[in-house]
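Working notes, beginning with the structure itself.
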Amino acid sequence: MNKKLDTKRHSLAHVMAHAVLNLHPQVKFGIGPTTEDGFYYDFDLPSPISDKDLAKIEKEMRKIINNNLTFKKKFISYKEAKEIFKDQPYKLELIEELKQKNDKISIYTVGKFVDLCRGPHIKSTKELKGVGFKLIKIAGAYWKGLEQNPMLTRIYGIAFENEKKLKEYLSQIEEAKKRDHRILGAQLKLFLFDKEIGAGLPVWLPKGAILRKLITDYLYQELNKAGYQWIVSPHIANIKLWETSGHWDFYRENIYSPIEIENEKYLLKPMNCPFHVKAYNSEIRSYKDLPIRYAEFGTVYRYEKSGVLHGLTRVRGFTQDDAHIICTKDQMEKEISELVRLAIKILKTFGFKDFEIYLATRPKKFIGTISNWQKATKALRQALDKMKLKYEIDKGGGAFYGPKIDIKIKDSLGRPWQCTTIQVDFNLPQRFKMEYVDKDGKKKEPIMIHRALLGSLERFIGVLLEHYAGALPLWLSPEQIWVIPVSEKYKKYAEEVVKVLKDEGLRAELKEEKETLSKKIREGEIQKIPYMIVVGEIERKKKTIRVRERKKGDIGEIDLNKFIEQIKLKIERKK
């Protein structure tokens with residue numbers, strides 16, 4: 001993180017609050033933190049505002065910046081704080097919370113705006129003169145994120161080191177809009193969302209279902225080679241299972257309300273792991289059996305508030321490429337290395353070449369012994385070091401049950417996306433009394449490693465569509481080839497070509513609609529079809545085809561068998 005830039009973004013949040021105060025003197029203030037790309041502030045305004053007001057607020061901000069106002073920090077008593085913020089109910093609430101925690105109270109003053117704040121801030125607004133910033137949108141936000149609290153007006157801003165960086169970011173945002181997977185999904189007829197079905201619950205259309213199968217088939221082959229065994233688990237389970245696993249206690253806010261069946265409570269599954277544990281515990285295990293690697297394309301259901309749902313990348317029902325490795329402590333490091341290696345290989349095959357890797361360590365609240373945590377963290381670290389991979393430490397970012405490696409991929413716009421996660425777990429082996437018999441005949445507790453390589457199929461497909469702007473590689477394209485006869489007269493030959501292509505295992509479609517040739521070609525370009533074959537009198541006589549390749553256009557006449565040979569080689573190479 002760029003701390004200097006983050007400080008400027010934080011200071012801009014205060015400048016924005018100052019500008020709103022100038023324009024709306026009766027405003028009540030919430031909070032104003034930084035974001036990944038800028039800042040926001042929450043306001044309780046006397047009258048509604050819209051995006052049209054952003055330019056006015058931004059203009060007022062620039063006036064304040066040009067006044068070279070200083071940021072002054074001061075520590076004050078609870079009594080002083082209550083007096084200063086006597087007309088600010090949200091600040092008074094925060095003051096009470098600070099008092100209960102016995103925290104010191106500090107305020108920052110810039111011009112006539114005073115805020116509760118720990119800082120840090122810049123010295124003077126003149127340091128913001130070269131910064132490129134822009135207010136981008138207004139949204140509603142419940143105070144403290146709780147639905148029972150008042151709805152505030154949140155104003156978002158973005159900020160970068162200079163105007164050039166701001167323009168680059170805005171250009172990237174415009175490109176991202178063109179690549180929005182929600183628009184592409186509808187355009188390419190891959191999936192749909194329907195209000196009657198429910199928010200966050202996608203329906204996969206035929207072409208989308210093919211894409212999912214292509215991805216899972218590839219993963220199935222790779223995991224078979226890596227020694228995985230496959231499991232299929234139910235979509236619901238008795239609440240007792242989730243009480244034993246700890247999910248009912250630690251994860252309840254993400255779980256749907258119980259379903260009553262014959263006086264017993266059942267839950268839609270939020271995780272697949274307890275089922276894999278049960279599969280392991282179904283037999284007595286020896287050290288000779290380990291490691292055991294269980295995999296499942298398991299569909300899970302998690303409660304997400306409607307406000308955070310976003311296309312395929314944030315849904316309520318999704319399928320994970322889930323797996324659990326049960327091994328001994330001595331096997332742990334090797335298994336982690338193999339997982340990282342496999343993850344990078346698979347992500348590269350899908351076209352992602354740039355990665356950010358994080359090693360997340362022990363949080364404040366954790367289970368298990370310090371010794372186990374140290375050994376697990378060391379195994380994760382050594383696996384990354386031996387592969388000579390660059391990584392950052394995410395201090396305290398581990399799960400309560402163990403440390404983890406997170407891999408973020410960067411798409412073609414340079415945006416990071418969380419994909420692979422590899423987590424060491426001490427919790428479930430203890431809770432479910434998992435055991436194996438060692439070479440001395442003694443019972444020991446194994447280590448459990450959770451891992452998802454792509455994360456959820458839904459989210460990964462959303463990222464994949466945006467990465468390629470919908471123009472998926474040939475091997476992943478649900479429709480690889482369209483065959484277009486020049487007129488009805490050449491339909492029979494076109495049908496023969498389609499049959500040959502399909503017999504060779506290629507995904508080919510005959511386009512015989514009563515439209516002009518140019519309109520069919522244009523539609524093929526919109527649908528991002530990799531190859532369009534046009535056949536007419538010359539092609540029928542010579543038993544050839546004329547080929548149009550995506551992005552290249554007409555590449556000429558070619559022998560059908562030679563074309564098939566070239567295409568199959570491309571598919572084999574995952575191009």
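Where a number appears in this text, it was derived from the coordinates with a stated rule and is not lab data. It should be emphasised that the depicted structure is a prediction, and the values quoted were computed from it without experimental measurement. When we count neighbours, we look across all protein chains shown, and the Cβ atoms used for this are built from the backbone with ideal geometry, even at glycine.
Quick look at the values:
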| quantity | calculated |
| --- | --- |
| Helix-derived mean residue ellipticity, 222 nm - over the chain, DSSP H n ≥ 4, -39500 (n - 2.57), to 500 | -11000 deg cm²/dmol |
| Fewest-first sequence of VAL424, VAL547 by Cβ atoms within 10 Å of each Cβ | VAL547, VAL424 |
| Full-stretch length increase - GLN418, GLU58 - with 0.36 nm per residue and alpha-carbon distance subtracted | 126.3 nm |
| Sites GLU537 and GLN221 - FRET efficiency at Förster radius 30 Å, r taken between beta-carbons, to 0.05 | 0.10 |
| Shape parameters for the chain, alpha-carbon atoms, Rg then Dmax in Å | 28.9, 95 |
| Label-to-label distance, nm, for residues given as LYS4 and THR516 (7 Å Cα→Cβ offset) | 5.9 |
| The stretch 474-572, dipole about Cα centre (Lys/Arg Cβ +1, Asp/Glu Cβ -1), debye to the nearest 20 | 180 |
| Links that overshoot a 31 Å alpha carbon limit, given the list LYS375/LYS433; LYS73/LYS408; LYS520/LYS542; LYS28/LYS134; LYS543/LYS574; LYS345/LYS433 | LYS73/LYS408; LYS345/LYS433 |
| Where labels lie 7 Å past Cα in the beta-carbon direction, separation of LYS390 and GLN430 in nm | 3.7 |
| Overall dimensions of the stretch 474-572 as given by Cα atoms, namely Rg and Dmax in Å | 12.2, 35 |
| Linear extension gain, LYS345 paired with LYS74, 0.36 nm per residue minus alpha-carbon span | 92.2 nm |
| Dipole of the stretch 117-173 [Lys/Arg +1, Asp/Glu -1 at C-beta], most positive-end residue of CYS117, ILE173, LEU135 | CYS117 |
| Distance between the stretch 346-387 and the stretch 440-485 - C-alpha centres, whole angstrom | 21 |
| Ranked by how many other beta carbons lie within 10 Å on average, peptides 104-115, 261-272, 71-82 from highest | 104-115, 261-272, 71-82 |
| Given charges at Cβ of Lys, Arg, Asp, Glu: the chain dipole, positive-most of TYR358, PHE426, VAL300 | TYR358 |
| Inter-part distance where the stretch 132-176 and the stretch 69-118 are each reduced to a Cα centre, Å | 25 |
| Exceeding the 24 Å Cα-Cα cut-off - candidates LYS288/LYS444; LYS56/LYS167; LYS207/LYS278; LYS63/LYS177 | LYS207/LYS278; LYS63/LYS177 |
| Flagged links, alpha-carbon separation over 29 Å, of LYS86/LYS364; LYS269/LYS353; LYS265/LYS364; LYS129/LYS395; LYS3/LYS104; LYS502/LYS551 | LYS86/LYS364; LYS269/LYS353; LYS265/LYS364; LYS129/LYS395 |
| Distance between the stretch 526-575 and the stretch 285-333 - C-alpha centres, whole angstrom | 41 |
| FRET efficiency estimate (nearest 0.05) - Cβ-Cβ, LYS334 to LYS305, R0 51 angstrom | 0.80 |
| Degrees, to the nearest 10: 3-23 long Cα axis against longest axis of the chain | 70 |
| Farthest positive-ward along the chain dipole, Cα basis, beta-carbon charges - from TYR41, LEU190, GLN331 | TYR41 |
| FRET efficiency for LEU214 and GLU260, using Cβ-Cβ distance with R0 set to 41 Å, rounded to 0.05 | 0.55 |
